[in-house]
Amino acid sequence: MNLKPLNDRVVLKQLKAEEKTKSGIVLPGQAQEKPQEAEVVAVGPGGNVDGKEVTMQVVVGDKVIYSKYAGTEVKLDGVEYIIVKQNDILAVLE
Amino acid sequence: MNLKPLNDRVVLKQLKAEEKTKSGIVLPGQAQEKPQEAEVVAVGPGGNVDGKEVTMQVVVGDKVIYSKYAGTEVKLDGVEYIIVKQNDILAVLE
Amino acid sequence: MNLKPLNDRVVLKQLKAEEKTKSGIVLPGQAQEKPQEAEVVAVGPGGNVDGKEVTMQVVVGDKVIYSKYAGTEVKLDGVEYIIVKQNDILAVLE
Amino acid sequence: MNLKPLNDRVVLKQLKAEEKTKSGIVLPGQAQEKPQEAEVVAVGPGGNVDGKEVTMQVVVGDKVIYSKYAGTEVKLDGVEYIIVKQNDILAVLE
Amino acid sequence: MNLKPLNDRVVLKQLKAEEKTKSGIVLPGQAQEKPQEAEVVAVGPGGNVDGKEVTMQVVVGDKVIYSKYAGTEVKLDGVEYIIVKQNDILAVLE
Amino acid sequence: MNLKPLNDRVVLKQLKAEEKTKSGIVLPGQAQEKPQEAEVVAVGPGGNVDGKEVTMQVVVGDKVIYSKYAGTEVKLDGVEYIIVKQNDILAVLE
Amino acid sequence: MNLKPLNDRVVLKQLKAEEKTKSGIVLPGQAQEKPQEAEVVAVGPGGNVDGKEVTMQVVVGDKVIYSKYAGTEVKLDGVEYIIVKQNDILAVLE
């Protein structure tokens, strides 16, 4: 089963361990937005999104830095993914 | 009786059990936005929505992942539906 | 006496009993947005509303589901109405 | 002395007694937006308001329902008026 | 020394005594937006303001009603002025 | 070393002593927006800023009144400057 | 490994020591937005960003003043970077 993101969304797979506790409680020192490294596993079609033309700039396989708390975590077949809007991707790692 | 959504709204039927308590209290660990799997049961016409042109990208029968707390729960003839805007659908499962 | 709504507003008459207490206090379990069934009793002209072109999609007599807390309750000649913007109507019941 | 409203503002004179206490304290049960009946006593010119073209749809003498807490109360020569934006008028009573 | 307001700003001189305490503390009963009478003493050029074309509709000498808490108080040569955006002027008194 | 502001930003040098304590704590009576007199020491190029065309209306040497809490304080070579957006300048003193 | 910023983002390397504690707790006196000196190490392509045309005005090597709390800290190969939107850069130091 695959995730096909809509609009300007991108499906990511994290490269680093999360810094939240097992119970899901976010620690005080982690309250600020934290960047995260991830790999792009699926890219939406872009186009007209909320009245604005969006061109997709990342491709599957890109290593990226993203704003973690902007995305939504999805668990599929036991694997955790994060779905973000492309604009929540800060930079590509090269 | 059927639900015919307006504008860019989509009617969904959940595929997974909710994680709220019976009394409707949301547990602390569930305060964050949680993705949900659902099946599309009705799709609005799209078109000009709030001054922006929206093209509907999902069809009846699609399995989708959506941002649960963005939608509205509706109970009709004993069945629970969720009405979301298309942009609250994160990805289609294939 | 009749209500003639302005712009993209729609006058509704509820089909179901409210779930608030008599004193008007909203119960904790009802804090979330709750859908409501209602009948359309008057429809505004639409047109240019807040700089956006709005086409009215509901007609008098339609049974609709709406986001209750978005509307304004009006009591006229002893009858309670709710005035909502068309975009607060989620779906038409058919 | 007369009030000549600017832009899309409308001057109203209430038809019903207020439900606030004399001291101006709003009672808990009145915290929600409450509709009010009023008579239109002056209408602004409309036109380009905040970058949007607004056509005035009410005329002096109209009985209207408005969202009370959106307006500003003005006392002039001992008479209380409410100045609202036209979009805070929900419906005309006919 | 004179105040030459920028953009769509208007310099006003109050006609009525303020209702704040000397120490500048706003009293609870005054927390809500309060209208104020003032005289226009300077008018900005209008034109393109924040991407929107604004035409100035008040002239020096106009008596106006404005939303007090929207403006900024300025003390110049011992005289107190209020600088508001034109859209915070509700009506002209005639 | 000089400050060359970007976009519609303006670098100011205050003409009046600040009303904050030495430790930087803002006193309760100063919580409201306070106007400040300052001299313009550098002006950004204007042009397209956040999708809107901005024409710079102040020049180096202008004495201006600005909304203090909208700006950012910068200390350079021992001198304190404030960088504001032009729209945070309320009026020019002449 | 290099950071290639998307859209109107800019990668910065701070020139001054941070004023946060080692544990990451922000001290009360530092709660307000604080400007920071940094060097530009990478510049995004600009172009259409969120429906607005953005022209990049800084180049690699520029010393800039930026609003610290607007950016995202990234640690890469043991070096700390800050990724900001160009509009969070207040001025270039010359």
Scanning the range C:42-76 residue by residue, those of a type in the set (Gly, Ala, Ser), more than 7 Å from every other protein chain (Cβ to nearest Cβ) and in a strand (DSSP E or B) turn out to be C:42, C:47
The residue that is modelled with the highest pLDDT, considering only those in the range G:24-45 that are small (Gly, Ala, Ser) and surrounded by fewer than 17 Cβ atoms within 10 Å (Cβ to Cβ), is G:24
**Prompt:** Yes or no: residue D:79 within 26 Å of residue C:77 (Cβ to Cβ) and either in contact (Cβ under 8 Å) with a residue 40 or more places away in the chain or away from chain C (no Cβ under 11 Å) (or both)?
**Reply:** no
Exactly one of B:20, B:75, B:85, B:16 is charged (D, E, K, R) and at pLDDT 90 or above, and that residue is B:85
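The values are calculated or read from the model by the stated rules, or taken from the named source; none is laboratory data. Nothing here was measured: the structure is a model prediction, and the numbers come from that model. As a convention, Cβ positions derive from the backbone with ideal geometry for all residues, glycine included, and neighbour counts pool all protein chains shown.
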